[in-house]
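Remarks on the structure that follows.
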Number of protein chains: 2
Amino acid sequence: MFEEFLEKQLSWLGDSSENIIFSSRIRLARNLSEYPFPHKATSSQREEIRERIKGAIFKLEEFKDSIFVNMEDLNALDKQFFLERHIISQEHMVSSSGKGLMISSGEEISMMVNEEDHIRFQILAGGFRLDELWEKINYFDDRLTSYLKFAFLPDLGYLTSCPTNIGTALRASCMLHLPGLVMTRKINKILELLAKLSFTSRGLFGEGTQALGDFFQISNQVSLGLSEKELIENLVGIVKQVREQEEEARISLVKRQKITLEDKIGRALGILRNAYLITTKEALSYLSLLYLGIDLGIIKNISQKVVKNLFIVIQPAHLQKKEGRMLREEERDYVRAYILRKRLKEDV
Amino acid sequence: MFEEFLEKQLSWLGDSSENIIFSSRIRLARNLSEYPFPHKATSSQREEIRERIKGAIFKLEEFKDSIFVNMEDLNALDKQFFLERHIISQEHMVSSSGKGLMISSGEEISMMVNEEDHIRFQILAGGFRLDELWEKINYFDDRLTSYLKFAFLPDLGYLTSCPTNIGTALRASCMLHLPGLVMTRKINKILELLAKLSFTSRGLFGEGTQALGDFFQISNQVSLGLSEKELIENLVGIVKQVREQEEEARISLVKRQKITLEDKIGRALGILRNAYLITTKEALSYLSLLYLGIDLGIIKNISQKVVKNLFIVIQPAHLQKKEGRMLREEERDYVRAYILRKRLKEDV
């Protein structure tokens with residue numbers, strides 16, 4: 001199933017020349033006013049909600065090529081696959097009737113139905129494009145209101161299952177690649193500062209996950225009391241500051257530890273090109289160095305795009321979808337190493 | 001000084017197809033009967049001894065192209081350089097008057113004068129060639145007796161400064177590359193067994209040194225009570241048995257852990273080809289894997305000869321002789337990595 005996704009080169013990753021800000025994302029939470037929140041609704045209510053939402057989606061011309069699946073029709077591997085592509089949450093993988101998933105052609109837009117809220121509407125893009133994403137998702141949100149009535153109170157804004165989301169019900173985030181701050185040991189201080197300023201930082205796969213490959217996701221913690229535009233503006237401001245810190249850290253590394261840096265990056269490339277067994281964690285940490293090396297001009301002949309793609313396709317469910325069967329851990333490590341050897345050689 | 005040695009490709013290493021037995025060596029200890037042993041002799045006696053021996057050497061037609069140096073004329077770097085080439089011992093590096101060194105053209109034959117004995121005469125060759133080496137060194141030893149009178153008693157044989165060498169005063173040794181026995185954790189049991197059978201095992205740089213790069217030197221401990229031929233025959237027998245054990249270990253590794261082995265060897269090559277800083281110890285351990293990989297056919301396009309050579313030329317004094325100046329540790333690590341990158345790429 002979903003073999004077509006494997007063929008596509010994750011088009012949302014884009015060709016951005018932005019090296020530090022890997023991707024931008026906005027998600028809106030919405031609930032239908034006539035129904036209880038998913039965890040309070042009955043099974044049949046949840047199924048009704050799903051049908052209503054599905055109906056509305058396909059009324060929009062822009063979504064006529066999108067796919068919609070009922071989560072109970074997906075096996076564990078399919079779910080893991082969509083998690084790895086940042087299309088669903090870990091919460092949405094848990095079995096429960098009435099859950100649904102819409103994915104637009106190209107994967108830029110997706111919607112989880114009956115996760116924590118009736119609708120979790122997401123838009124994703126490579127690079128630093130929050131303003132543009134906001135324009136787009138706001139437009140689609142408006143279009144949906146022609147067919148769906150959302151729970152909304154003038155004083156509070158949009159109502160959501162979890163009170164932390166009430167108001168704009170918007171979460172904007174950027175995935176930042178911060179190897180410079182990690183290497184110069186400045187990252188923890190910056191993450192603490194972000195927390196004080198009410199921004200949340202998370203690992204590669206959202207809430208509760210570890211920072212892998214030096215990726216950190218920064219998002220707004222507050223959704224109430226400010227307009228959507230203001231929330232996004234604040235995030236844009238903070239992300240720019242973190243980017244600046246990362247740039248400074250990189251300059252300082254090149255200035256003070258050039259050879260050590262070349263050594264680390266060179267070894268990472270050497271291992272990725274020659275290993276026969278490699279875990280996801282190890283591969284991500286070497287790809288992180290490679291990605292940094294390309295930005296710094298230390299690595300030539302390998303495109304940023306190839307590495308961006310590898311960050312995603314070396315993940316366990318991706319490997320298994322590619323092979324068309326479940327793989328034991330050692331088999332995955334073998335297939336992962338094979339893909340890395342092949343992709344990083346071909347590109348030269 | 002000795003720049004000509006750097007140009008030569010260590011010709012004694014040879015083109016042997018023997019992969020496990022890296023090199024063979026025989027040394028004879030001799031003392032002139034008219035003089036006390038070096039540590040009992042006076043400074044002027046030692047200088048006289050050196051002149052006598054030097055005179056005898058240059059009377060032999062075969063040695064007319066050899067060089068002879070007084071050890072006091074060498075600086076610390078030169079001494080370290082010859083140690084790394086297995087031409088002198090650590091003992092011979094210690095300052096003391098009257099010490100000398102003869103090296104034949106091609107470095108196959110060398111002689112330390114006034115080390116522990118008046119003469120330590122050595123012959124070296126790549127591969128497993130003890131019989132051939134014995135014929136050669138025995139011939140030269142005979143030729144020298146035309147010009148020098150050696151201390152010899154019919155009942156005891158050759159007299160030597162240390163009683164453990166009395167008799168034949170012969171030590172034969174082979175340098176074995178035993179990564180299979182190291183990886184299968186059988187090496188310690190084998191070394192213990194060798195000790196019980198009165199064979200000595202040592203690291204890459206002789207007595208008291210650590211086994212680096214999975215190299216082990218095996219030699220006879222006894223020099224008395226058997227003829228030279230018998231001593232060599234016994235060593236040949238034991239070395240063949242160890243080689244067989246190593247072959248079995250390699251077969252078992254390929255059979256049971258092929259991918260893990262390919263992974264280790266591949267990563268070693270990747271690091272050697274891409275590092276910018278590397279210590280001697282790390283380089284030797286990766287070169288060891290590479291050398292094994294060539295033997296097993298896992299590594300193609302890199303010749304055994306190039307790797308054999310690298311084992312020697314990446315050593316600290318070699319790097320410094322090549323650069324023509326003393327280098328700090330980090331500079332050596334940098335130059336070493338540069339040579340490895342260059343040599344292992346050129347060969348493809």
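The values are calculated or read from the model by the stated rules, or taken from the named source; none is laboratory data. Note that this is a predicted model, so its numbers are computed, not measured. Cβ placement follows ideal geometry from the backbone for every residue including glycine, while neighbour counts extend to all protein chains displayed. Keep in mind that these areas ignore ligands, DNA and RNA; they rest on the heavy atoms of the full protein, side chains included. Shrake-Rupley method; radii C 1.70, N 1.55, O 1.52, S 1.80 Å.
Work out the length of the dipole vector of the protein assembly as shown about its Cα centre, built from +1 on the beta-carbon of each Lys and Arg and -1 on the beta-carbon of each Asp and Glu, and round it to the nearest 20 debye.
220
Taking beta carbons within 10 Å but only from partner chains, what does the mean come to for residues A:265-273?
Per residue, the average neighbour count from other chains is 6.
Taking the Cα centre of chain B as the origin, how large is its charge dipole in debye, to the nearest 20, when only Lys and Arg (+1) and Asp and Glu (-1) carry charge on their Cβ atoms?
1040
Sort shortest first the distances from B:S96 to its counterpart in every other copy, using label points 7 Å along the Cα-to-beta-carbon line, and give them in nm.
Nearest to farthest, the other copies are at 8.4 nm.
Please express the Cα-Cα pair-distance distribution P(r) of the protein assembly as shown as a list of whole percents, one per 20 Å bin, running from 0 to the bin with the greatest distance.
Computed distribution, short to long bins: 15, 35, 23, 17, 9, 2.
On a 19 Å Cα-Cα criterion, which of the cross-link pairs A:K264/A:K300; A:K305/A:K345; A:K308/B:K258; B:K308/B:K342 come out too long?
In this structure, A:K308/B:K258 lie more than 19 Å apart at Cα.
What do you get for Rg/Rh over segment A:67-225 if you use C-alpha atoms and the Kirkwood form of Rh?
Here Rg/Rh amounts to 0.97.
List residues of segment A:144-176, by number, whose backbone nitrogen lies under 20 Å from a label position 7 Å along Cα→C-beta of A:E61.
A:144-148
Placing unit charges on C-beta atoms (Lys and Arg positive, Asp and Glu negative, everything else neutral), compute the dipole magnitude of segment A:247-346 about its Cα centre in debye, rounded to 20.
Charge dipole, segment A:247-346, about its Cα centre: 240 debye, nearest 20.
As a check on your reading of the symmetry: which chain B residue has its Cβ nearest the axis that brings B onto A, and how far is it in Å?
Here the nearest residue and distance are B:G270, 2.
Direction-averaged shadow area of the convex hull around the Cα atoms of chain A, nm²?
That works out to 17.1 nm².
Would you mind computing, in nm to one decimal, how far apart the modelled labels at B:T279 and A:N309 are, each placed 7 Å from Cα along Cα→Cβ?
Using points 7 Å along Cα→Cβ, the separation is 4.0 nm.
Could you state how much accessible area is buried at the A-B interface, both sides summed, with a 1.4 Å probe, in Å² to the nearest 100?
It comes to approximately 1500 Å² buried between A and B.
Which translational diffusion coefficient, to the nearest whole µm²/s, is obtained for segment A:247-346 from the Stokes-Einstein equation, given a Kirkwood hydrodynamic radius over C-alpha pairs, 10 °C and 1.306 mPa s?
The diffusion coefficient I find is 113 µm²/s.
Pick out, in residue order, every one of the GluC sites (Glu not before Pro) in segment A:132-232 that is DSSP loop and has at most 14 other C-beta atoms within 10 Å; say none if there are none.
Sparse-neighbourhood loop GluC sites (Glu not before Pro): A:E207.
Report the calculated FRET efficiency for B:T42 and B:N75 (r = Cβ-Cβ distance, R0 = 35 Å), to the nearest 0.05.
E between B:T42 and B:N75, to the nearest 0.05, is 0.85.
Name the aspartates and glutamates eligible as straight-distance cross-link partners of A:K255: C-alpha to C-alpha under 13 Å, and not fewer than 8 places from it in the same chain.
Within the straight-line limit of under 13 Å, A:K255 reaches these aspartates and glutamates: A:E247.
Partner chain Cβ atoms within 10 Å, averaged over the residues of A:247-259 - can you pull that number for me?
1
Can you tell me the relative contact order of chain A? Whole percent, Cα pairs under 8 Å, sequence separation 6 or more.
19
Once Lys and Arg get +1 and Asp and Glu get -1 on their Cβ, which of A:H92, A:G106, A:V236 lies farthest toward the positive end of the dipole of segment A:2-246?
In segment A:2-246, that residue is A:V236.
Below 30 Å, Cα to Cα, which lysines can A:K196 reach? Residues fewer than 8 away in the same chain don't count.
A:K186, A:K229, A:K240, A:K281
Percent of accessible area on chain A owned by carbon and sulfur, 1.4 Å probe?
Carbon plus sulfur share of accessible area: 50 percent.
For the protein assembly as shown, what is the accessible area per residue in Å², given a 1.4 Å probe and the full set of protein chains?
Per-residue accessible area for the protein assembly as shown comes out at 43 Å².
Taking a spot 7 Å from the Cα of A:E230 along the direction of its beta carbon, which residues of segment A:121-159 have an amide N less than 14 Å from it?
Inside the label zone: A:156-157.
Just the Cα atoms of segment B:47-149: what Rg and Dmax do they give in Å?
In order Rg, Dmax, the Cα atoms of segment B:47-149 give 13.3, 37 Å.
With labels modelled as points extended 7 Å from the Cα through the Cβ direction, what inter-label distance (nm, one decimal) is found for A:Y139 paired with A:E248?
According to this spin-label approximation, the distance is 3.8 nm.
What are the chymotrypsin sites (Phe, Trp or Tyr not before Pro) within segment B:90-191 that DSSP puts in a loop, where the Cβ has at most 15 other Cβ atoms within 10 Å?
B:Y147
Enumerate the aspartates and glutamates that B:K322 could reach by cross-link, defined here as Cα to Cα under 17 Å, with residues fewer than 8 away along the same chain left out.
Partners within reach: B:E3, B:E4, B:E7, B:D78, B:E84, B:E330, B:E331, B:D333.
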